[in-house]
Amino acid sequence: MLANFFEYEFLQNTFYTGLLIGLIAPLLGTFIVVRRLSLIADALSHVTLAGIAFGLLLEKKYAVGITPFYTGMAFSVIASVFVEQLRRVYKAYQELAIPIILSGGVGLSVIFISLANGFNTDLYNYLFGSVSAVSRADMWMIIGISVIVLTTLFLFYKELFMLSFDEEHAVVSGIHSKRIHFLFIVLTALVIAASIRIVGVLLVSALMTLPVAASIRIAKGFKQTILLSIIFGETSVILGLISGYYFEIPPGGTIVVISIIILLICISVKRLWFTLSRKKAIQ
Amino acid sequence: MSKPIVSMKQVNYAYENKHALKNINFEIKQGSFIGLVGPNGGGKTTLVKLLLGILKPHQGSIDLFGTPIHKFKDWNKIGFVSQKANSFNRGFPATVHEVVSMGLTAKVGYFKFFTKEHKQKIADAVEHVGMSEYLHENIGDLSGGQQQRIFIARSLVSDPELLILDEPTVGVDAENVQKFYELLHHLNKHKNITLLLVTHDIGTMTRNATDIVCLNKTLHFHGNPLEFSNLSENDLSEFYGHPLNLVTHNH
């Protein structure tokens, strides 16, 4: 594998991109999970699919050379703005935004896919991820997105943290909650678009939530939760890519399965630790 | 104990079809400890929200520290512990240190980071509420009374001059409520923090507060606890809109 890695550019692209999304997806995912927005990531990823299908349609029918990656990203960012509007319209039923956006995304995808005369390998790769689909240009784009995400989170960490914990308190203290929230949801759309090449539309939200679900069981505090999420995310991506490559399985599947194994280990460890410390306390 | 740090003049506020506050004239003097009591739906929380700038009065004016509220920028001078503080997401992975640090977020400002001094302030505030040994524990692992102390520490860390507490003892057991009032008393007397406490517990307020304010859409009473306890039961029933059993605490 190591020899192949140095020989083939596409493997290098995939590996570097994988490392980046293994970092940014769980990092942003920690905020998503604690704000109980896990399903929004799922909804946005389906809209991204519609954007990708739209891009493929343009390519195939009209020979317009916009990469589906960019149309996917554009759809995702636009949908993120709609999510915010819908959450404001249905204040008491904020989760309604999710089925609306999600079904809208799937509906549009079906229309665009049919217009483009059905499935092809490209689309299959977008759905489940691929070890060979990342081009040099994609990689640079994802590096750019990562830089934007990391810089923004670094600069607004304390405000985002406060907003996630207690929105009312944040607003009373004079934090611009609407603007920060908007920034956050756009970042989410960008990270989803970036991750899709590797893990695929259907499983992208898993990479944002499963590592966090595992780390939240055992971490103390928010920073530690982030750190462990990233470690779990990177482990899943690296092992998932290697096994996906060897067994010729789309890496989306292997990454998610490894994430779930890590999650189960964390739950068991926590339970064991609980039982032991209870025994100790009783003695 | 003289100059008013809050003054409301002829304030009116209505929700869609409900007149929540009528012609409120109200002052908070520096150094006082005000107990704001009244029936449910009497507008206590609305009044607090007006003071915090969450709601805007439909008529009348509010001054904070001598500045009209719409021009007021110094929100760090006002600390707030909400009713909701005990209904936060208990599974949220944040340590006591991290929770208290949020009290400084707005003061530190955008694009700036916590320094060593800030971290020291956080530790001091936690020590002040007697919770130092829990500094690196998850907030969700603490009891209700302990969590409430942490939320007090969060509002103290930015050195407020006025602390507003909206029914902070709901869901806290009796023994811890007592400790909680001792802490408030200490903050008021020794740290010279002005307190506005919204509560149902009239009995405890008469022993701790310097002023009692009764609110049921309009301001029914504003005076010291002695005057308050001299009110006849009739006065109170009229104000509450129904007969009232006053719980008295004899210590």
For B:ALA94, the lone unmet condition from (1) facing chain A (nearest Cβ under 8 Å); (2) small (Gly, Ala, Ser); (3) in contact with a Lys or Arg (Cβ under 6 Å, 6 or more places away or on another chain) is (3)
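Per-residue answers, yes or no, for (1) farther than 19 Å from B:GLU27 by Cα; (2) open to solvent by less than 10 Å² (accessible area, probe 1.4 Å); (3) in contact (Cβ under 8 Å) with a residue 12 or more places away in the chain:
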{"residue": "B:LEU187", "(1), (2), (3)": "yes, yes, yes"}
{"residue": "B:ASN192", "(1), (2), (3)": "no, no, yes"}
{"residue": "B:LEU196", "(1), (2), (3)": "no, yes, yes"}
{"residue": "B:MET205", "(1), (2), (3)": "no, yes, yes"}
{"residue": "B:GLY223", "(1), (2), (3)": "no, yes, yes"}
{"residue": "B:SER229", "(1), (2), (3)": "yes, no, yes"}
The residue from A:ARG197, A:ARG217 that alone is more than 14 Å from every other protein chain (Cβ to nearest Cβ), among the basic types (Lys, Arg) and either in a helix (DSSP H, G or I) or surrounded by fewer than 16 Cβ atoms within 10 Å (Cβ to Cβ) (or both) is A:ARG197
The residue from A:GLY51, A:GLY65 that alone is out of contact with any strand residue (DSSP E or B) (no Cβ under 8 Å at 6 or more places or on another chain), open to solvent by 60 Å² or more (accessible area, probe 1.4 Å) and either under 20 Å from A:ILE142 (Cα atoms) or not basic (Lys, Arg) (or both) is A:GLY65
Q: Determine, yes or no, whether A:LYS178 is modelled with pLDDT under 90, closer than 25 Å to A:SER80 by Cα and either surrounded by fewer than 16 Cβ atoms within 10 Å (Cβ to Cβ) or within 14 Å of chain B (Cβ to nearest Cβ) (or both).
A: yes
Could you tell me whether the range B:118-136 includes any residue that is closer than 27 Å to A:ILE32 by Cα, in a loop (DSSP other than H, G, I, E, B), touching a residue at least 40 places away in the same chain (Cβ under 8 Å) and within 14 Å of chain A (Cβ to nearest Cβ)? yes
For the range B:40-54, the count of residues that are part of a helix (DSSP H, G or I) and either within 14 Å of chain A (Cβ to nearest Cβ) or in contact (Cβ under 8 Å) with a residue 40 or more places away in the chain (or both) equals 7
Quiz item: Quick one: would you say A:SER109 is at pLDDT 90 or above and surrounded by fewer than 19 Cβ atoms within 10 Å (Cβ to Cβ)?
Solution: no
Is it true that B:LYS179 is under 16 Å from the mean Cα position of the chain (by Cα) and open to solvent by 40 Å² or more (accessible area, probe 1.4 Å)? no
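The values are calculated or read from the model by the stated rules, or taken from the named source; none is laboratory data. Keep in mind that what you see is a predicted model, and the values were worked out from it rather than measured. Cβ coordinates were reconstructed from backbone atoms using ideal geometry, including for glycine residues, and neighbour counts include every protein chain displayed. Accessible surface is based on the protein model in full, side chains and every heavy atom, while ligands, DNA and RNA are left aside. Shrake-Rupley method; radii C 1.70, N 1.55, O 1.52, S 1.80 Å.
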